[in-house]
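The values are calculated or read from the model by the stated rules, or taken from the named source; none is laboratory data. Here the structure is a predicted model, which means the values were calculated and not measured. Glycine gets a Cβ as well: all are built from the backbone with ideal geometry, and neighbour counts include every protein chain shown. In case anyone asks, the SASA skips ligands and DNA or RNA and just uses the protein heavy atoms, side chains included. Shrake-Rupley method; radii C 1.70, N 1.55, O 1.52, S 1.80 Å.
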Amino acid sequence: MTFCNRLMEENLPIWEQCLNSAFLQKLGEGTLPWDCFKGYIVDDSLYLREYAKVFAWGMVKAEDMEEIRTYYELLSFVNEGEGATRLCYLERFSLTDAGIQRLPQRPENLAYTRAMIAAARDGAGAAECMMACLPCMVSYGWIFTRLLERFPGVGDTPYWPLVRDYAGAEYRAACERWAAFTEKICTGLEPARERRCAEIFRACSVHELRFWEMSGRPREDI
């Protein structure tokens with residue numbers, strides 16, 4: 001079993017808790033309160049702003065152009081793919097990306113992005129950077145694929161554009177590319193560094209769960 005596959009298997013119970021969170025179950029059922037979804041979109045937009053900084057640290061520490069190109073691809077995907085759907089939702093809420101930048105990240109969101117940036121900043125290189133950002137990437141694909149299987153009727157709800165982004169073949173293929181890159185840069189790590197990478201991956205998976213739990217409560221400042 002590859003290193004990445006082992007990490008994903010070890011953290012699958014956490015992802016299952018994410019899938020079973022009240023927010024995602026209600027989203028799948030089509031019963032999620034609109035104000036909770038609005039809060040999620042705002043928080044996730046603020047999260048993506050900080051998430052992009054992990055890739056910046058990856059570029060700073062990159063040892064070759066392949067690494068730089070990979071982080072550039074990741075940043076482009078976040079900006080053009082994930083970001084586009086959120087901009088549409090923000091417009092639906094009569095909000096703008098520029099307008100929400102003054103809003104604070106909620107504590108769970110802030111703790112998560114700080115942990116990711118610290119892991120990338122303080123780590124030895126690309127392995128730590130990818131351990132910080134990979135749980136978000138691959139868990140979203142796993143979660144939304146299974147959410148769609150469990151709730152096929154979600155396609156008839158206002159939440160479908162979000163689900164479609166992460167449950168489709170294009171996103172799955174992107175995750176496979178990123179996992180393959182991560183596997184390559186993690187091959188041959190010294191045992192101590194490999195253990196540290198596993199710790200970062202697990203910590204960020206737990207932060208994912210806390211983010212979903214937070215999203216079940218509406219923001220009070222929008």
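Laid out as a table, the results:
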read-out	value
Extension gain from GLN101 to LEU12, taking 0.36 nm per residue of separation minus the Cα-Cα distance	28.8 nm
Nearest-0.05 FRET efficiency for ALA118 and GLU190, computed from C-beta distance (R0 30 Å)	0.90
Candidate lysines for bridging to LYS184, where Cα separation is under 26 Å - those fewer than 8 sequence places away on the same chain excluded	LYS53, LYS61
Equivalent ellipsoid semi-axes, the stretch 1-61, via Cα gyration tensor eigenvalues times 5, rooted, Å	27, 22, 6
Pairs of alpha carbons in the stretch 136-222 whose separation is greater than 16 Å (percent)	66 percent
Inter-probe distance in nm under a simple model that places probes 7 Å from Cα toward Cβ, at ALA22 and ARG177	3.9 nm
Whole-percent carbon and sulfur share, accessible surface of the stretch 111-222, 1.4 Å	51 percent
Residue-normalised accessible area of the chain, expressed per residue, 1.4 Å probe, Å²	46 Å²
Cα-Cα pairs of the stretch 72-175 separated by more than 15 Å (percent)	72 percent
For the chain: relative contact order, % (alpha-carbon pairs under 8 angstrom, 6 or more apart)	39 percent
ILE185 - accessible surface, heavy atoms, 1.4 Å probe, Å² rounded to 10	40 Å²
Range of Cα positions in the chain per principal axis (Å), largest first	48, 36, 29
Added length on full extension, which subtracts the Cα-Cα distance from 0.36 nm per residue, GLU29 to ARG210	63.1 nm
Sites matching GluC sites (Glu not before Pro) across the stretch 152-222 that sit in DSSP coil, with at most 13 neighbouring C-beta atoms within 10 Å	GLU220
MRE, 222 nm, helices only [DSSP H, n ≥ 4, -39500 (n - 2.57), over the chain, to nearest 500]	-25000 deg cm²/dmol
